[in-house]
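The structure appears below as structure tokens.
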Amino acid sequence: MNKSVIIKLQFALSSFLVLVATIILPLIIWKLRLPIIESTYDGSAPNTIDSQPFEIFGFFTTIILVFIAWLQIKQQKNKSISTIVPIVLPVLVLLNNLFILVETVHVKSSDFMCYENAARAIINAANPYTGTPPCYLYPPLSAQILSYLYQFLVYNPIFAFADDIKAWTAVSYIYQCAQFLQIALAYYLTFLFVQDLKIKKLTGSFLISGIFLFNYPLVRTITFDQINLWILNSFLLGILLLRRYPFLSGLAIALGTHIKLYNLVLLLPWIATKRWKAIIGTFVGVIAIVSVQTNWFNDWSLWSQFFSYLSNPEKPTNYRNNSIWSLVFNLVKIPNKVLHLDILFKLVPIVVTILTFLVSVWFIIRFIQRKQIYDKIIKNDIAEIFYLYGNSIDAIAFILLISPSVWEHHYVIAIPLALWAVITHRTEHSLAVYCGVFLVFCMPTSEIFPFSFHRLLGLSILVYFTNPNFLKNYFVLKSNT
């Protein structure tokens with residue numbers, strides 16, 4: 001083993017140990033109740049929890065981020081804007097998201113309470129998918145992990161949380177730490193994604209930082225403790241690993257699938273392009289996790305309960321829900337208030353089915369166009385990126401367009417689509433592309449029909465202007481440089 005590999009391994013191990021210490025130490029300090037540390041939000045007010053471990057985590061994390069940035073800047077031989085800004089920007093972005101996380105965690109969101117109640121149900125051998133409508137809507141894995149985490153914190157002698165409220169606060173704390181790490185991972189993976197598109201490091205840093213800073217879906221994800229960052233990172237890993245490590249790409253999608261079924265959509269382009277290793281990796285990963293979940297295929301109760309829920313999934317009709325279902329339903333609801341023709345509501349599933357079919361045809365045509373262009377250009381790395389990344393980006397957009405429920409936070413997974421559009425678009429399409437990005441990420445929600453469907457409109461704009469025929473010149477030019 002050469003010296004450089006040993007150094008990288010040592011750095012990875014050191015980073016892991018620092019990471020563990022950063023997460024575990026706040027819990028230990030919190031239990032010690034040191035007189036030099038207080039909590040303004042101590043959990044005594046209704047619907048609040050003790051914020052102390054979160055604030056200590058914020059303190060340690062800030063020190064570590066600044067220290068890492070200082071080390072990186074110090075190592076730069078040529079200290080200039082082009083070398084220093086890409087180091088400083090991610091730190092500022094992460095600190096901004098750390099602000100939001102630390103300042104909002106003292107109140108458990110309604111969404112996190114769904115996860116917690118599902119975990120409690122699993123601990124008590126009850127059905128986590130109960131309720132009308134059900135509150136916990138995902139495959140069993142997330143709730144199972146929270147239930148295991150609770151039991152670990154209660155029965156492990158290091159922590160031994162005897163107080164049930166404190167134990168669940170600790171579970172919430174670790175969940176929030178994981179959320180922050182997912183933001184950091186998303187920034188890093190997104191940076192790798194834009195680097196593959198052959199743009200300068202400084203330009204890429206500004207683009208990514210901009211979209212992570214002015215991102216209402218991301219703020220919503222943090223404040224409502226949503227799981228969409230995990231889905232985003234699963235998609236990004238699936239895309240980035242596909243060319244060189246297809247089996248690992250499949251494993252990443254398998255993990256994401258167990259958190260939310262969205263990620264399975266990547267199997268569509270993989271099957272069409274015969275990416276068999278990635279497909280095998282997905283099935284191996286899915287089955288491996290299921291085997292552990294079901295006690296080696298002996299207990300299918302949670303999965304049967306999930307599939308029972310899935311037979312009648314959530315179809316919200318709130319104005320803020322930007323699904324095709326919600327749009328069509330509300331287009332019918334408003335005239336119905338005047339005409340009182342309830343029969344119009346029977347047309348909603350028919351119209352939605354037709355629109356879903358048309359969207360599917362649209363994406364099939366795009367796939368065919370992309371394949372025809374790919375067959376005609378020089379086969380190299382940039383051509384592979386045009387073909388494989390383009391198919392994957394389309395898959396993400398497709399699942400957002402056809403899903404029966406698309407809340408604001410779901411649009412976090414559209415970050416790769418936005419960057420793909422901004423980087424590869426034609427100059428004459430600039431205004432439209434930037435408007436699409438603004439509509440998806442920058443506008444706060446206002447439930448004013450039909451203006452509340454601005455994210456659906458923005459998504460459609462981005463999809464239209466990433467038509468393969470529009471983008472081919474960018475990739476042909478890059479392949480020749």
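The values are calculated or read from the model by the stated rules, or taken from the named source; none is laboratory data. Treat the numbers as computed from the prediction; the structure is a model and nothing was measured. As a convention, Cβ positions derive from the backbone with ideal geometry for all residues, glycine included, and neighbour counts pool all protein chains shown. In case anyone asks, the SASA skips ligands and DNA or RNA and just uses the protein heavy atoms, side chains included. Shrake-Rupley method; radii C 1.70, N 1.55, O 1.52, S 1.80 Å.
Odds and ends about this structure:
- Qualifying residue in the stretch 143-160 (condition: in contact with a Pro (Cβ under 9 Å, 6 or more places away or on another chain) and open to solvent by 30 Å² or more (accessible area, probe 1.4 Å)): no
- Sole exception among (1) surrounded by fewer than 19 Cβ atoms within 10 Å (Cβ to Cβ); (2) assigned to a loop (DSSP other than H, G, I, E, B) for GLN369, by number: (2)
- Of residues in the stretch 459-475 being of a type in the set (Ser, Thr, Tyr) and in a helix (DSSP H, G or I), the one farthest from VAL412 (Cα to Cα): TYR474
- Hey, ASN318 open to solvent by 90 Å² or more (accessible area, probe 1.4 Å), within 26 Å of ASN127 (Cβ to Cβ) and not hydrophobic (A, V, I, L, M, F, W, C) or not: no
- Matching entry among ILE399, ILE364, ILE385 (being in contact (Cβ under 8 Å) with a residue 24 or more places away in the chain and over 25 Å from PRO313 (Cα atoms)): ILE385
- Unique match (being part of a loop (DSSP other than H, G, I, E, B) and either in contact with a strand residue (DSSP E or B) (Cβ under 8 Å, 6 or more places away or on another chain) or not aliphatic (A, V, I, L, M) (or both)) among PRO134, PRO90: PRO134
- Against the numbered list (1) within 26 Å of the chain's Cα centre (by Cα); (2) open to solvent by less than 20 Å² (accessible area, probe 1.4 Å); (3) under 30 Å from PRO468 (Cα atoms), THR356 comes up short only at (2).
- Screening the stretch 25-68 for residues that are of a type in the set (D, E, K, R), closer than 25 Å to ASN156 by Cα and not in a helix (DSSP H, G or I) and picking the one that is least open to solvent (accessible area, probe 1.4 Å) gives ASP50.
- Residue in the stretch 190-212 that is touching a helix residue (DSSP H, G or I) at 6+ places or on another chain (Cβ under 6 Å), modelled with pLDDT of 95 or more, open to solvent by less than 10 Å² (accessible area, probe 1.4 Å) and under 30 Å from LEU153 (Cα atoms) present: no
- Filter pass, TYR115 being under 30 Å from PHE307 (Cα atoms), part of a helix (DSSP H, G or I), in contact (Cβ under 8 Å) with a residue 60 or more places away in the chain and not hydrophobic (A, V, I, L, M, F, W, C): yes
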